[in-house]
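What follows draws every value from the coordinates through simple rules; no lab data is involved. Model, not experiment: these values are computed from the prediction. Don't worry about glycine lacking a Cβ; one is built from the backbone with ideal geometry, like all the others, and counts go over all protein chains shown.
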Amino acid sequence: MSSPDPRRWWALAVLAGAQFMVIMDTSIIGVALPEMQRDLGFSPGGLQWVFNAYVVALGGLLLLGGRLSDLLGARRVFAAGWVTLIAGSVVAAAAGGPGVEIAGRAIQGVGSALITPSSMTLLMALFGGRPKELPKAMAFYGTAAPAGGTAGVFLGGVIAEWLSWPWVFVIYVPIGLLSLAVVPALLPAVPGRRSGLDLAGAAAVTGGLALAVYAIVQAPGKGWTSAATLLELGGAILLLAAFVAVQRALRNPLMPLRIWRTPNLAGANLAMTLLGAAWIPMWYFLNLYLQQVLGYGAFSSGAALVPMTALMMVLMVGVTGRLIARFGTKPLIATGLAVLAGGLAILSAVSPTGNFWADVLPGSLVSAVGMALVFIPAMMAAIGGVGPQDGGLASGIVNTTYQIGSAVGLAAMTALATSHGADRLGNLPALTDGFQAAFVGAAIVALSGAALALVTLRTPRQTPATEEDPALAKTAA
């Protein structure tokens, strides 16, 4: 084993900070939307694209970002992602109308799609051969996502109260410039492989994923069985089928189909899909319940989620790695999804006359325990078995499945909540009925994920190499 890079923990801070900012970008704009609508002239239907343009670009391009990381070098792609994110932030902050604002958000999504998989490749380059340090590194990295989501709500409330909406984008510029400044000194120069880039496959999978996400986020408004939705989903399926055909035909495809023979890759990605489909609706509707039913402001709503985030951070950093070393990933994934389902079941009992201590805190803390048990083990199970030449691709796949699961889950739970009264603003009993339905639906998704994890994941047999290091054997599980 080579000597450890003495800068690796500082490098981890840079990578975790990048993940924090990428996820925060999905939540920080929420509080600023009404002001943006007034200043930029958004229609009620068009306003959602301030959020959706980012999600569509991020979800559609993550796989391409992962492959570019493998081919061109992870550090180079990581830096290019920050340059793109900064450019998108400048465009979004300076926008004078809806079209420019949406374009800026899409450019931000492109940048995030380059940052996310390349940061995971760099993390594995720093810690992948160190089984005692890898779980701790993954824990720090894993806490960045939920912390970023909560911080976005909290910080967005501060900015909305004391500054103006462009500042939700301006803050990315100095942070991005600082990140670029430290890249050469802290991040390892992971070499790429100069094989040809599969442009046809990249176009097909990017178009297919983007069209699928677009159809999903639009479906609650258009109707799931409307002609437009069915045509969009049908087009997405055709593009993805074309992508698979291209991958079979090319010598150097964007996603070599052999990667799916990696043990646990498919099962771990399925778990991540269902985790996103349960967790993101829980976080979204819990915010709505706090603000629309309990009457919390944006700042107070963000503060109300701090205990949940703090518990996740403590568990991921101090506990999850030890549990992986002792039990392996499969038991934690299944148990965590079941615990998340339990937390959602508790939240499904929220009351129109409830309060934070009885209706929000217990269920949110139980859900946080479930998330802490699942996220890092699922990531490790997804990327732990692939070779270093495919690390960026595996990271791109698992992040894509989480984002697609989030979009599908949120769209489906939004439709479910709306059908039970969540669109009747001001009617607290009706709103609460809708939120209860969403929590029940998300609990069913999480419980299904627990059952499927037991079926699809397997514990690898020990090899002589892993028998010498039991911790490594458990981490690989």
Note, region 249-255: 3J(HN,Hα) by Karplus (6.51, -1.76, 1.60, θ = phi - 60°), whole Hz, Gly/Pro = x, goes 8, 8, 6, 10, x, 4, 10
If you take every residue apart from MET36 with its C-beta less than 14 Å away from the C-beta of MET36, what net charge results, scoring Lys and Arg +1 and Asp and Glu -1? -1
In whole Hz, with x marking every Gly and Pro, tabulate ³J(HN,Hα) for region 394-410 from phi via Karplus 6.51 cos²θ - 1.76 cosθ + 1.60, θ = phi - 60°. 4, 5, x, 5, 5, 5, 5, 5, 5, 5, 5, x, 4, 5, 5, x, 5
Once the convex hull of the alpha carbons of region 283-428 is built, what does its volume come to per residue, in cubic angstrom? 120 Å³
Whole-Å semi-axes of the ellipsoid equivalent to region 187-309 (Cα gyration tensor, √5λ, descending): 36, 23, 13
List the equivalent ellipsoid semi-axes of the chain in whole Å, largest first, each obtained as the square root of 5λ for an eigenvalue λ of the Cα gyration tensor. 32, 26, 23
Furthest towards positive pole of dipole, LEU68, GLY157, VAL100, structure part region 1-197, Cβ charges: LEU68
Please report LEU454, LEU238, LEU211, LEU85 as a ranked list, fewest other C-beta atoms within 10 angstrom at the top and most at the bottom. LEU238, LEU454, LEU211, LEU85
The chain - mean residue ellipticity at 222 nm from DSSP helices (-39,500 (n - 2.57) per run, n ≥ 4, rounded to 500): -25500 deg cm²/dmol
Given the options ALA438, VAL314, GLY449, identify the residue whose Cα lies farthest towards the positive end of the charge dipole of region 258-477 (+1 on Cβ of Lys, Arg; -1 on Cβ of Asp, Glu). GLY449
Size descriptor, Kirkwood hydrodynamic radius, that averages inverse alpha-carbon separations across region 98-151, Å: 13.1 Å
With +1 assigned to the C-beta of every Lys and Arg and -1 to the C-beta of every Asp and Glu, and no other charges, what is the dipole magnitude of the chain about the Cα centre in debye, to the nearest 20? 1300 debye
What's the local net charge at LEU452, with K and R +1, D and E -1, over the other residues with C-beta under 14 Å away? +2
For region 1-197, using Cα atoms only, the Rg and Dmax in Å read 17.3, 59
What length, rounded to one decimal in nm, is gained on full extension from ASP423 through to ALA203, with 0.36 nm per residue of separation minus their alpha-carbon distance? 75.5 nm
Between ALA249 and SER43, what length in nm is gained on full extension when 0.36 nm per residue of separation is reduced by their alpha carbon distance? 69.6 nm
Going fewest to most other Cβ atoms within 10 Å around each Cβ, ARG458, ARG75 line up as ARG458, ARG75
Going fewest to most other Cβ atoms within 10 Å around each Cβ, LEU340, LEU178, LEU431, LEU311 line up as LEU178, LEU311, LEU431, LEU340
Chain lengthening between ALA451 and VAL306 when straightened (0.36 nm per residue, less Cα-Cα): 49.2 nm
